[in-house]
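Student: Following this message is one structure expressed as structure tokens.
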Amino acid sequence: MALAKMKLVNVIGMLRELDDVASVLGRTGVFQPDETADFFSDKEKLIPVNTANDYAPLLDKLRVLMAGSGIRPKIVDAPEYDNMSPAEMKRFIDETDSRLGELIERRDALRAELDLSEENIAKAKHFFGLDIDISKIYECEYIITRFGKLPKDSYVKLQNYSDNPYIDFFPCSNDGTYYWGVYVTPLSKADDVDRLFSRLFFEHVDISDIHDKPEVYVEQQTKLKDDLTEEIKKLNGEIDDYVKNHENGILKIFSALCKQHAFLSIKNHACKYKKSFVLVGWIPAEYEGQIKALLSPIESVEVTFTKAEDEIKHSPPVKLKNRFFFRPFEYYTEMYGLPNAREIDPSWFIALTYTLLFGIMFADVGHGLMLLIAAIFMYKKMKMPLGALLIPCSISSMVFGCVFGSVFGFEHVLDPVYKALFGLEEKPVEVMDGNTTMILIFGAVGIGIVLLIIAMILNIVSNLKRGDIGGALFGVNGAAGLVFYTSLVAGLGCNMLFGVSIMKPAYIICLIVIPLLLVFFREPLSKLIRGERELFEGSFGSFIVDNFFEMFEVALSYVTNTMSFLRVGAFILVHAGMMTVVFVLANMFGPVGYWITVVIGNILVMALEALLVGIQVLRLEYYEMFSRFYIGDGRKFEPVTVKDIA
């Protein structure tokens, strides 16, 4: 439940050894290069290594050939190709292109012809019945002919223009929506007639490439289509034969190109100083020994390692490292923003709270079971990260469904189980009961209070890790804010729930007023701790006025964040209410209609609630809790790997 420890790697050596160093670091797959010049104050003497990327165009060309021939990109072992020069690789790819590329080009050209032929056949079939050579119509000098389609309702409207001798439409065929046909008009009336048909939504179809009767033209094009299909099949066979004999060599060259491309990206982050080079990057701390052992045989190279905590100003990259249960929830953490190197990884917090809240709000044994099946399918078959985190959520829903006694909306189907296990006549929690409703509402607010207090504690810890003592002590979500919030909640809670008044003058002054004053003066107090002399920006009076109004926003945030958790209890009631409506509708039909309605109703309620609950719980995480302790401005650890380029 933490961030993986990172280390900064500083490699210095003779410039002639840079290729070997880049190769070694690239092969590990755990090295992320950084901008070397940023780590040195005297940058003028460091010259960036800008090596021309001769491999990128070769890799792009080979990808095109592989895509055209159906070869799936993958990395294979090819040590004999690792030291091949760009010229040798280019020679191989040019030879491949001269044979395989030519076959692909010819086949693709024939495919384009085939598509055009099929398009022409489809167009010509709409005009069957025109017993005339189409090309002769287009040769007429004094009339304009328009082929196309007219909506059926527009065709009916043509009757309104029956008294106009220049407006007539000759239908050839129809497809249920359109009439396909032609209208002819004198050249002098063409503009007026075209405007009229345009208002009737006539769509022009260009068939000027048809040089015969439509039926004859279709016969010709059908024969051409058959010939093209046969030729394409033959070319595909030749391509398959070539791939069968040369795929292994192509994949080896592809793998070698990907490696060289990756190594070059490392080299281009280095800087040279006279005859030496300097290269800086990041690795997980656990690989320090491996990196040192791999670089030690290179004669001129010296390598040093520094803890990421000592290089905070350079924003060390972050790699999340969580256990099995918490790992799927890294998806939500990354979606919000990765923690920086001095923050707490909130993935474990999301895992626990999201699973708990989702289960309470989506509490139904049957719906939870269906969601579990869907989540497993999403994760195993569709490889969706969302599916992995929905698995524990669906199990939580089934658990709380047992607590509330709901199975596909049937509220008392588990009563025999409660009686057998606990001796109860019916389920322990009747959601729609008036007394239970209030308990659910107060319980939801109580959960919110506890989670907000935990978020404030996490904020204190995060501030201490960042070295922000002032924020930890006097911040809105620091120790002062925590004391103020918990004291106020405890005082109001004891009075409302138990009728006990603990908010005496001493309690109010020590636990509410003083913490609130500390929050009010948090900025000057924080500056005082940091040893700054200027405690106030501007005048003291303007500080008082600005912070006075800001405190209203602070107080409002405490209230709104707490009240937002009312939705947790509300969703329990909404589920019961929606399913009640489903059963009311079902009872209006006979036995068959009853079960059809119940099934359809469950599907609709389950889909709607799963979507809304997922969004609402995520909103609680991001806006009510994350906003109190999490920054999320870290950068992701992205080492150079050959597989990523492939």
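Student: Pairs please, first residue from the range 62-84 and touching a residue at least 40 places away in the same chain (Cβ under 8 Å), second anywhere and open to solvent by 80 Å² or more (accessible area, probe 1.4 Å), Cβ atoms under 7 Å, 6+ apart in sequence or on different chains.
Tutor: Pairs that qualify, where the first residue is touching a residue at least 40 places away in the same chain (Cβ under 8 Å) and the partner is open to solvent by 80 Å² or more (accessible area, probe 1.4 Å), are Ile75/Lys643.
Student: Among residues belonging to the range 629-646 that are among the hydrophobic types (A, V, I, L, M, F, W, C) and part of a helix (DSSP H, G or I), point out the one that is nearest to Lys259 (Cα to Cα). Show your work before the answer.
Tutor: The first filter runs over the range 629-646 and keeps only residues among the hydrophobic types (A, V, I, L, M, F, W, C), leaving 629, 631, 637, 640, 642, 645-646.
The next check asks that each one be part of a helix (DSSP H, G or I); those that pass are 629, 642, 645.
On the way: Phe629: 42, Val642: 6, Ile645: 8 Å.
Step by step, filter the range 629-646, then rank; the result is Val642.
Student: Looking at the range 515-542 only, could you name the residues that are hydrophobic (A, V, I, L, M, F, W, C) and modelled with pLDDT of 80 or more? It would help to see each step written out before you state the result.
Tutor: First, pick out the residues of the range 515-542 that are hydrophobic (A, V, I, L, M, F, W, C): 516-521, 525, 528-529, 535-536, 540.
Across the range 515-542, the qualifying residues are Leu516, Leu517, Leu518, Val519, Phe520, Phe521, Leu525, Leu528, Ile529.
Student: If the requirement is being of a type outside the set (A, V, I, L, M), surrounded by fewer than 13 Cβ atoms within 10 Å (Cβ to Cβ) and either in contact with a helix residue (DSSP H, G or I) (Cβ under 9 Å, 6 or more places away or on another chain) or closer than 24 Å to Ile239 by Cα (or both), which of these qualifies: Arg107, Arg72?
Tutor: Sole residue among the options that is of a type outside the set (A, V, I, L, M), surrounded by fewer than 13 Cβ atoms within 10 Å (Cβ to Cβ) and either in contact with a helix residue (DSSP H, G or I) (Cβ under 9 Å, 6 or more places away or on another chain) or closer than 24 Å to Ile239 by Cα (or both): Arg72.
Student: If you take the residues of the range 111-144 that are among the basic types (Lys, Arg) and more than 22 Å from Leu235 (Cβ to Cβ), which of them is least open to solvent (accessible area, probe 1.4 Å)?
Tutor: Among those residues, the one meeting the criterion is Lys123.
Student: Please specify each residue of the range 234-259 satisfying the condition of being open to solvent by 10 Å² or more (accessible area, probe 1.4 Å) and of a type in the set (Phe, Trp, Tyr).
Tutor: Selection gives Tyr242 alone.
Student: Looking at the range 289-313, which of its residues are in a helix (DSSP H, G or I) and open to solvent by 40 Å² or more (accessible area, probe 1.4 Å)?
Tutor: Gly289, Gln290, Lys292, Ala293, Leu294, Glu309, Asp310, Ile312, Lys313
Student: Take the residues in the range 28-77 that are touching a Cys at 6+ places or on another chain (Cβ under 9 Å) and aromatic (Phe, Trp, Tyr); name whichever of them is nearest to Gly249 (Cα to Cα).
Tutor: In this case the residue turns out to be Tyr55.
Student: Ok, one more. Can you find, within the range 28-48, the residue that is nearest to Leu279 (Cα to Cα) among those that are in contact (Cβ under 8 Å) with a residue 12 or more places away in the chain and open to solvent by 60 Å² or more (accessible area, probe 1.4 Å)?
Tutor: Among those that are in contact (Cβ under 8 Å) with a residue 12 or more places away in the chain and open to solvent by 60 Å² or more (accessible area, probe 1.4 Å), it is Glu35.
Student: If you don't mind, another one. So which residues in the range 122-165 are closer than 15 Å to Pro214 by Cα, at pLDDT below 85 and small (Gly, Ala, Ser), if there are any at all?
Tutor: Answer for the range 122-165, where residues must be closer than 15 Å to Pro214 by Cα, at pLDDT below 85 and small (Gly, Ala, Ser): Gly129, Ser135.
Student: Can you confirm whether the range 212-222 contains a residue that is hydroxyl-bearing (Ser, Thr, Tyr), surrounded by 12 or more Cβ atoms within 10 Å (Cβ to Cβ) and in contact with a helix residue (DSSP H, G or I) (Cβ under 6 Å, 6 or more places away or on another chain)?
Tutor: yes
Student: Can you say whether Glu80 is at pLDDT below 85, in a loop (DSSP other than H, G, I, E, B), farther than 30 Å from Glu230 by Cβ and not hydroxyl-bearing (Ser, Thr, Tyr), as far as the supplied structure shows? Step through it out loud before you land on a result.
Tutor: Values: at pLDDT below 85: yes; in a loop (DSSP other than H, G, I, E, B): no; farther than 30 Å from Glu230 by Cβ: yes; not hydroxyl-bearing (Ser, Thr, Tyr): yes.
Judged against the criteria, Glu80 is not a match.
Student: Which residue, of Gly448, Gly471, is open to solvent by less than 20 Å² (accessible area, probe 1.4 Å), outside any loop (DSSP other than H, G, I, E, B) and more than 25 Å from Met361 (Cα to Cα)?
Tutor: From the options Gly448, Gly471, the qualifying one is Gly471.
Student: Moving on. Out of all the residues in the range 266-287, is one or more over 33 Å from the mean Cα position of the chain (by Cα) and acidic (Asp, Glu)?
Tutor: For the range 266-287, residues over 33 Å from the mean Cα position of the chain (by Cα) and acidic (Asp, Glu): absent.
Student: If you don't mind, there's one more thing I want to ask. Among the residues in the range 231-248, are any within 30 Å of Val21 (Cα to Cα), outside any loop (DSSP other than H, G, I, E, B) and modelled with pLDDT of 90 or more?
Tutor: yes
Student: Being under 12 Å from Tyr354 (Cβ atoms) and open to solvent by less than 10 Å² (accessible area, probe 1.4 Å) is the filter here, so list the residues in the range 317-339 that pass it.
Tutor: The answer is Phe329, Thr333.
Student: Within the range 413-421, does at least one residue satisfy the condition of being within 17 Å of Met563 (Cβ to Cβ) and either aliphatic (A, V, I, L, M) or surrounded by 14 or more Cβ atoms within 10 Å (Cβ to Cβ) (or both)? Write out each step before concluding.
Tutor: First, pick out the residues of the range 413-421 that are within 17 Å of Met563 (Cβ to Cβ): none.
The answer is no; no qualifying residue exists.
Student: While we're on this one: Could you tell me which of the residues Phe197, Phe92, Phe147 is open to solvent by less than 80 Å² (accessible area, probe 1.4 Å), more than 30 Å from Glu230 (Cα to Cα), assigned to a strand (DSSP E or B) and not small (Gly, Ala, Ser)?
Tutor: Result of the check over Phe197, Phe92, Phe147: Phe147.
Student: Oh, and also: List pairs: first in the range 511-524 and of a type in the set (Phe, Trp, Tyr), second buried (at least 19 other Cβ atoms within 10 Å of the Cβ) and modelled with pLDDT of 90 or more, Cβ under 7 Å, 6+ apart or cross-chain?
Tutor: No pair meets every condition.
Student: Which condition from (1) crowded, with 17+ Cβ neighbours inside 10 Å; (2) closer than 30 Å to Gly632 by Cβ is the one that Leu352 breaks?
Tutor: Only one criterion is unmet by Leu352, namely (1).
Student: Now for a separate question. Quick one: in the range 163-194, which of the residues that are over 19 Å from His126 (Cα atoms) and charged (D, E, K, R) is most open to solvent (accessible area, probe 1.4 Å)?
Tutor: Asp163
Student: Follow-up question, since we're still on this one. For the range 403-435, what are the residues that are modelled with pLDDT under 85, part of a helix (DSSP H, G or I) and among the β-branched types (Val, Ile, Thr)?
Tutor: Listed by number, the list is empty, since nothing qualifies.
Student: Something else: Restricting to the range 1-56, name every residue that is under 22 Å from Lys636 (Cβ atoms), in a helix (DSSP H, G or I) and among the polar types (S, T, N, Q).
Tutor: Thr28, Thr36
Student: Just one of Lys152, Lys157 is in contact (Cβ under 8 Å) with a residue 12 or more places away in the chain, open to solvent by 80 Å² or more (accessible area, probe 1.4 Å) and not acidic (Asp, Glu); which is it?
Tutor: Lys157
The values are calculated or read from the model by the stated rules, or taken from the named source; none is laboratory data. Please read these numbers as outputs of a predicted model, since none were measured by experiment. Methodologically, a virtual Cβ is constructed for each residue, glycine included, from the backbone with ideal geometry; neighbour enumeration extends over all protein chains shown. Each accessible area value is taken on the protein alone, full model and side chains, heavy atoms only, with ligands, DNA and RNA left out. Shrake-Rupley method; radii C 1.70, N 1.55, O 1.52, S 1.80 Å.
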